[in-house]
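Asks: Have a look at this one before I ask anything.
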Amino acid sequence: MGFEVSDKVREINTRLEAFMQEHIYPREHDWNEFTLNQDNQWQVPDWFDGLREKAKAEGLWNLFLPHEYQPWSPGLTNIEIAPLFETMSKVMWAQAVFNCNAPDRGNMEVLAKYGTAEQQEQWLEPLLAGEIRSAYAMTEPQVASSDATNMELEIKRDGDEYVLNGRKWWTTNAVQERCKIMLVMGLSNPEAERHRRHSTILVPRDTPGITLVRPLRVFDSYHSPGGEAEFLFEDVRVPVSNMIKGEGCGFEIAQGRLGPGRFQYAMTLVGAAQRCLELMCARAEERVAFGEKLSKKTSVQHEIARCRCDIEQARLLVLQAAEVMDREGVKAAMPYISMVKIVGPQMAQNVADRAMQVFGGMGVCQDTMIPDVFTHARFCRIADGPDEVHMSQLAKLTIRELTG
Ligand SMILES: Cc1cc2nc3c(=O)[nH]c(=O)nc-3n(C[C@H](O)[C@H](O)[C@H](O)COP(=O)(O)OP(=O)(O)OC[C@H]3O[C@@H](n4cnc5c(N)ncnc54)[C@H](O)[C@@H]3O)c2cc1C
């Protein structure tokens, strides 16, 4: 188990860090002021697209897509992608500058893995080029959606079309104008075996019959410009050629979407937590209370030490997940993928919480990214499958492994 960084990755990471220093960190304040202003809802600041063009021109683009997806992938393995994800996650919105943000990256991977040539040309290529955005609509308000086999939105064939009826919520990205395509999971074959009842189908966002019911707030924030929302599907018709992989493959696609995706999620949290620690150390060194720097107080030192231990443990675990995935494939890496999903969000939530305390009042306002990291880590313990589901999954794998 060696996690040495290759020369190639070191070179890319140096350029990525330089890009963050020059273009991202200086704009954090601007970003917060713009996106938190209700008048700008679902919009991006005018400099944002320019930065994306620059990142693309510098080859800092689509770095999330592992090498098996040639010709679209920049050719990196999972273990090579990991440190780059850490760097770009030190500011929560920076992944979007490099076209590496969720849920687009998971959707691009689905299309690269399962899409037909026609679907790839129509949807994958503009997504990879950063021209459009996408959404993944699985979760439904009326059923426990941590169990993907519960989904009820109906997908019914009618001649050369499928007709969709049902309700979705928590659909990230779909409320913004740039979102042009939704990957919708629904019930197509109710009589089939439980894991073969569902399908995932491509639905252009402007298809008649899709109604935006309401955007949802997360801890009182609309998460602009991405946003989460509830949608109603009423007699939404799409051609049969929009089906991904085939009827009954929805559960497989939901699972397949989450291999590299989950380790990237976890590395996002490592990067965000590392930034909180950097901010916390800088603050502790400059702030003086009761005649001494905060960094001289034992309680603050202990919190810094705990953060460093927690981050390093999570980082090593994520690297291990990536390494096993590269060497033995996603199936062999399943226990590690569950582990990073369980450990990553709780670690980042704890680190952000400690950083917040050291910052005092400033730690809970828009002047640092700390509250964003805290809320992001907290909802990650629910989104993409609640902690308990991953713990049960890991326990089952562990018992099987240890009892033969
Ligand atoms: C910010 C955010 C963004 C999201 N983005 C998307 C998106 O883009 N697309 C999308 O489709 N969905 C999205 N989701 C939805 C998310 O994936 C679901 O909320 C999640 O899968 C849980 O489903 P649920 O809300 O129906 O909770 P439920 O399934 O009702 O579960 C509720 C609780 O029950 C407990 N529980 C469930 N199963 C078990 C178990 N096996 N053992 C023990 N306890 C259990 C857990 O405590 C769990 O939190 C997003 C959610 C959030 C908060």
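Asks: Using the beta-carbon distance between R237 and V389 and R0 = 25 Å, what value does 1/(1 + (r/R0)^6) give for FRET efficiency, to the nearest 0.05?
Replies: Step by step, r from the Cβ atoms, then E = 0.15.
Asks: At 37 °C and a viscosity of 0.692 mPa s, what translational diffusion coefficient does Stokes-Einstein give for region 224-377, taking Rh as the Kirkwood radius over Cα pairs? Give it in µm²/s as a whole number.
Replies: Rounded to a whole number, D works out at 181 µm²/s.
Asks: Something else now. Can you tell me the FRET efficiency between H195 and Q70 if r is taken as the Cβ-Cβ distance and R0 is 30 Å, rounded to the nearest 0.05?
Replies: 0.50
Asks: Taking 0.36 nm per intervening residue step and subtracting the Cα-Cα distance, what contour gain separates D367 from L402 on full extension?
Replies: 7.8 nm
Asks: Identify the GluC sites (Glu not before Pro) of region 189-296 meeting these criteria: DSSP loop state and at most 12 other C-beta atoms within 10 Å of the C-beta.
Replies: E191, E193
Asks: Hey, another quick one. Using a simple spin-label model with points 7 Å from Cα along the Cα→Cβ vector, what separation in nm is obtained for T149 and K8?
Replies: 4.1
Asks: Could you pull the Cα extents of region 7-101 along its three principal axes, largest to smallest, in whole Å?
Replies: For region 7-101, the Cα spread along each principal axis is 43, 24, 20 Å.
Asks: Sticking with this one: Taking the Cα atoms only, what angle lies between the long axis of helix 330-359 and the longest principal axis of the chain, rounded to 10 degrees?
Replies: 40
Asks: Give me L212, L124 ranked fewest to most by other Cβ atoms within 10 Å of their Cβ, as a rough exposure proxy.
Replies: With the sparsest Cβ surroundings first, the list reads L212, L124.
Asks: Three principal axis extents, largest first, for the C-alpha atoms of the chain, in Å?
Replies: Sorted largest first, the three principal extents are 78, 59, 41 Å.
Asks: What ranking of L316, L216 emerges when the number of other C-beta atoms within 10 Å of each C-beta is taken as an exposure proxy, fewest first?
Replies: Ranked by crowding around the Cβ, least crowded first: L316, L216.
Asks: For region 133-249, just the Cα atoms, rotate onto the principal axes and tell me the three extents in Å, largest first.
Replies: Cα spread of region 133-249 along its principal axes, largest to smallest: 41, 28, 22 Å.
Asks: Sort R205, R287, R27, R105 so the one with the fewest other Cβ atoms within 10 Å of its own Cβ comes first.
Replies: Taking fewest neighbouring Cβ atoms as first place, the list is R287, R27, R205, R105.
Asks: Moving on. Can you pull out the chymotrypsin sites (Phe, Trp or Tyr not before Pro) in region 271-379 that DSSP calls coil and that have at most 15 other Cβ atoms within 10 Å?
Replies: F290
Asks: Still on this structure, I have one more. Among A192, M138, Y162, which residue has its Cα furthest toward the positive end of the charge dipole of region 99-209, with +1 on Lys/Arg Cβ and -1 on Asp/Glu Cβ?
Replies: The one lying farthest along the dipole's positive direction is M138.
Asks: For region 145-160, list residues with backbone N below 16 Å from a point placed 7 Å from the Cα of I382 toward its Cβ?
Replies: 145-147
Asks: Could you give the length gained on full extension between R327 and V218, defined as 0.36 nm per residue of separation minus the Cα-Cα distance, in nm?
Replies: Taking 0.36 nm per residue and subtracting the Cα distance, the gain is 35.5 nm.
No lab work stands behind these numbers, since they all come straight from the coordinates. Remember, predicted model here, so these are calculated numbers, not experimental data. A quick note on method: Cβ atoms are made from the backbone with ideal geometry, for glycine too, and the neighbour counts reach across all protein chains shown.
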